[in-house]
Amino acid sequence: MGLETGIVGLPNVGKSTLFNLLCAQQVLSENYPFCTIKPNIGVVPVPDERLTQLKDCINPQQTIPTSISFVDIAGLVKGASKGEGLGNQCLANIREVDAIVHVVRCFEDDSVIHVAGSVDPVFDQQVINEELRLADLNTLSKKEAKLARLAKVGKKEAITEYKLVQIVQAQLRNSIDARALTLTEDEATWVNSWQLLTYKPMIYLANVDEATLQGQHNPHLAALQQSLPADTTQIIPVCIALEAEIMRFPPEERQEYLAAYQLTDTSLSQLIAATYKLLGLITYFTAGPKEVHAWTIPQGTLAPQAAGVIHSDFEKGFIKAEIITLPDYLTYQTEDNCRKAGKITIAGKNYVVQDGDIIHFHHHI
Ligand code: GDP
């Protein structure tokens, strides 16, 4: 069902407010299909300026953005790995997502109770990450037992995997998440297949107050930043309450309010950009008078596999791809005009699709 992102964090840090905010932005601002599949799952169209430009240029019957699902995962508390809170259910929910947004409270507000008594984002993130590591250790101990049996009867692959399990277990016990490990390509394939929670990409969303957005020093945010490895962690500061307020205004007025707080991007755009970057995803487009459509693929995807995202027959019967760049399309307005101007590149099965390519695939039926 496309890209899925889970929102986690201790109770009362602003997860549900963020979830409602992310879903509401699109419902109100764009006439794209939107749905809340379950109360805690929302599918949000990915805002993309390039798609809007193509739509305005072609005026097609339909415009279809790619989508991203957000899942509000409640119930992750200290002891979740032992079944506390919504323990097993919420860990199972996290197992299914592609990326995790970890909301950490960095705002003071006496009227919002903190589960541990005081605002302490370093402690909070440690509680959540420790539960995820404990859940991974549970997963690995089952795996270890199974592999030990296979290793005993001489299964060579099992012996290699068994050793790797033990290495990862040792790291987790040292409070190092699986995603922080340096792995060979083969090892990464194994670890990926184990579906560990701490191997999933994680983005931190620091829920700050308005003053922080206006440049005032926020000791909670600074402490959070210091507690996480700077080179591998992405922290996005957002004032969820303020953005939720701004979303109450009509779409045409929102930009002005956002600008008043030096906000160029909404939290939705920031989260999507960060998720795409972390997961190495790019977007290509198909465009014509009937439909302008955005498609998400991993970086490095070859043309036939990119075509396969539209339909598996396109991949099987792939002949060639005709590529137009967005600036050329916007200049010449139609595929035919681009052809006449010599602005179409013919690409074969070894072409690596680039972010923003506008592609017409040719295939056998
Ligand atoms: P959850 O338990 O993590 O889902 O938290 P909620 O989204 O339900 O929020 C808990 C409480 O914190 C609610 O009363 C929210 O209105 C409030 N809250 C959420 N974000 C902010 C914020 O940025 N600033 C302030 N002051 N309150 C917030």
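The values are calculated or read from the model by the stated rules, or taken from the named source; none is laboratory data. Quantities reported herein were computed from a predicted structural model and do not represent experimental measurements. Note: ideal-geometry Cβ built from the backbone for every residue, glycine included; neighbour counts use all protein chains shown. Quick note on the areas: whole protein, heavy atoms, side chains included, nothing else; ligands and nucleic acids left out. Shrake-Rupley method; radii C 1.70, N 1.55, O 1.52, S 1.80 Å.
Just a few scattered comments:
- Single residue of Leu164, Leu197 found to be under 22 Å from the mean Cα position of the chain (by Cα) and surrounded by 15 or more Cβ atoms within 10 Å (Cβ to Cβ): Leu197
- Looking only at residues of segment 263-294 that are of a type in the set (Ser, Thr, Tyr) and open to solvent by less than 20 Å² (accessible area, probe 1.4 Å), we find that the one that is farthest from Ile236 (Cα to Cα) is Tyr284.
- Among the residues of segment 58-108, those identified as assigned to a loop (DSSP other than H, G, I, E, B), within 12 Å of the ligand (Cβ to nearest atom) and crowded, with 21+ Cβ neighbours inside 10 Å are Ile73, Leu76, Cys106, Phe107.
- As for segment 142-161, it holds no residue that is crowded, with 17+ Cβ neighbours inside 10 Å and within 30 Å of Cys239 (Cα to Cα).
- Matching residues in segment 227-249 - criterion: being in contact (Cβ under 8 Å) with a residue 60 or more places away in the chain and either among the polar types (S, T, N, Q) or assigned to a loop (DSSP other than H, G, I, E, B) (or both): Ser227, Leu228, Cys239, Met247
- Checking Tyr32 against (1) modelled with pLDDT under 85; (2) within 16 Å of the ligand (Cβ to nearest atom); (3) open to solvent by less than 60 Å² (accessible area, probe 1.4 Å); (4) not in a helix (DSSP H, G or I), the condition it does not meet: (2)
- Odd one out for Leu268 among (1) in a loop (DSSP other than H, G, I, E, B); (2) farther than 30 Å from Thr182 by Cβ; (3) more than 15 Å from the ligand (Cβ to nearest atom); (4) of a type in the set (A, V, I, L, M): (1)
- All positions within segment 197-239 that are within 28 Å of Cys90 (Cα to Cα), within 16 Å of the ligand (Cβ to nearest atom) and of a type in the set (Gly, Ala, Ser): Ala206
- Residue check, Val112 assigned to a loop (DSSP other than H, G, I, E, B), in contact with a Gly (Cβ under 7 Å, 6 or more places away or on another chain) and under 25 Å from Gln225 (Cβ atoms): no
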